[in-house]
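Here's the structure we're looking at; comments come further down.
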Amino acid sequence: MRISDDATDKKLDKVTLFLTESEALQLEDYLKQFLKKPKDKGYHFHLSSEDYQKEITVCIYNPKNISTLHHRAQKLILEDE
């Protein structure tokens, strides 16, 4: 698991998510869809608040093929191994 602060490009070790019930259900639906996709590629989705002012990006990746991710994500993963 890698967690990054996109605004500062710094890694985070602990975060707390406060989700409404509808946001949690949306997250659950996204994750179920993700788990049905082929496992050799990386996928991501964005979970936004109702007013679109806050966003969580979730990325599922294959550690053997991080080249599909943007450079900042690759750097974070490689530096945190």
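Read-outs throughout are calculated quantities, based only on the coordinates presented, and are distinct from any laboratory measurement. Predicted, not measured: the structure shown is a model, and the values here were computed from it. Virtual Cβ from ideal backbone geometry, glycine too; neighbours counted across all protein chains shown.
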Coil-residue trypsin sites (Lys or Arg not before Pro) of the chain, DSSP, other Cβ within 10 Å capped at 12: Lys14, Lys36, Lys39, Lys41, Lys54
Chymotrypsin sites (Phe, Trp or Tyr not before Pro) restricted to the stretch 17-81 and DSSP loop, no more than 16 other C-beta within 10 Å: Phe18, Tyr52
Net charge contributed by nearby residues that have their C-beta within less than 14 Å of Gln26 (K/R +1, D/E -1): -4
Vicinal HN-Hα couplings computed from phi for the stretch 54-62 (Karplus, 6.51 cos²θ - 1.76 cosθ + 1.60; Hz; Gly/Pro x): 10, 8, 10, 9, 10, 10, 10, 10, 9
For Ser4, residues with placed amide H under 5 Å, excluding near neighbours: Leu12
Net charge of Cβ neighbours under 13 Å - reference Thr57; Lys, Arg +1; Asp, Glu -1: 0
Estimated Rh, the chain: Kirkwood, alpha-carbon pairs, angstrom: 14.0 Å
Long-range tail of P(r) for the stretch 42-81 (Cα pairs > 14 Å, %): 53 percent
Charge tally in the Cβ shell below 10 Å around Glu79, where Lys, Arg are +1 and Asp, Glu are -1, Glu79 excluded: +1
3J(HN,Hα) from dihedral phi, the stretch 2-12, Karplus parametrisation 6.51/-1.76/1.60, rounded to Hz, x for glycine, proline: 10, 10, 10, 8, 4, 6, 10, 6, 9, 7, 10
Residue-averaged [θ]222 nm for the chain, counting only DSSP H segments that reach four residues, each worth -39500 (n - 2.57): -9000 deg cm²/dmol
Net lengthening on full extension, Val58/Leu17 (0.36 nm per residue, minus Cα-Cα): 13.5 nm
